[in-house]
Structures are given as structure tokens and as C-alpha cells.
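Structure first, commentary second.
The values are calculated or read from the model by the stated rules, or taken from the named source; none is laboratory data. These numbers were taken from a predicted model, which means no experiment stands behind them. All Cβ positions, glycine included, derive from the backbone under ideal geometry; neighbour counts span all protein chains shown.
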Amino acid sequence: MIKPLRNKIMFQFLSEIDRRTSLFKEETDSGIIVLSTPEHTTESPRWGKIVALGGEVCPEVTMDTYILIAPMMWTEKIVHDDMELWQTEDTHVMAVSDTIPDVGF
């Protein structure tokens with residue numbers, strides 16, 4: 001597994017983005033894809049599930065929490081062991097949650 005350095009956080013997004021429109025997308029159980037409204041785009045804060053933490057991350061952010069990341073404050077996607085991952089710094093975390101946040105739009 002990848003080990004981030006210092007105050008870095010590796011995470012997976014809880015919601016997907018449609019690359020063509022830059023809107024959040026959600027797929028229903030029946031396979032219908034629903035896009036968000038223009039207010040919810042890649043330039044909005046997004047929730048992530050923590051995958052790995054650097055050794056100097058602030059104590060409020062733990063492996064058991066979900067994080068709300070400031071808009072556009074993440075790296076490009078990398079793929080490692082068939083997992084899509086992104087990285088941010090703990091200074092870009094706007095909020096934490098002990099339970100899975102509702103990311104519906």
C-alpha cells in the first residue's frame with residue numbers, strides 16, 4: 001500500500017464526476033445516471049473516504065473518518081492496486097465525519 005508523507009492524506013471520492021460536464025453523477029439501482037445541478041461541480045467541496053494518512057496529519061483526521069475537501073485541493077487521480085486514489089493535505093480538510101455523509105444532490 002502507498003504511505004503518504006508528512007501531512008498528506010490519500011483518499012477515494014464518495015461521489016463520481018462526469019468528465020464531459022464536470023457535474024457530479026449518481027447511478028440509480030436500475031442503472032439510470034443522474035447528473036447534479038450546475039451548483040454542484042468539480043469546483044465544489046467533495047467528501048472522501050480516507051485510505052492512508054501521513055505521520056504528521058492533524059489528530060482530528062483519523063482512518064475512521066470521512067473528510068470534506070476544499071474545492072480543487074486534490075491531486076490528479078492515480079491508480080494503485082486497481083484503486084482510484086487522490087491526495088490532499090490536512091490543511092485542505094474543511095470538515096470530518098465519523099459516519100458516511102449524504103453526498104446526494
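Quick notes
- Of the set (1) farther than 18 Å from Asp102 by Cα; (2) at pLDDT below 95, all apply to Ser44 but (1).
- Residue within the range 57-64 that is touching a Gly at 6+ places or on another chain (Cβ under 9 Å), modelled with pLDDT of 90 or more and either farther than 18 Å from Pro101 by Cβ or of a type in the set (Val, Ile, Thr) (or both) present: no
- Among the residues of the range 73-90, the ones that are exposed (fewer than 10 other Cβ atoms within 10 Å of the Cβ) and touching a residue at least 60 places away in the same chain (Cβ under 8 Å) come to 1 in all.
- Top-ranked residue of the range 23-41 - restricted to ones that are surrounded by 15 or more Cβ atoms within 10 Å (Cβ to Cβ) and among the polar types (S, T, N, Q), ranked as modelled with the highest pLDDT: Thr41
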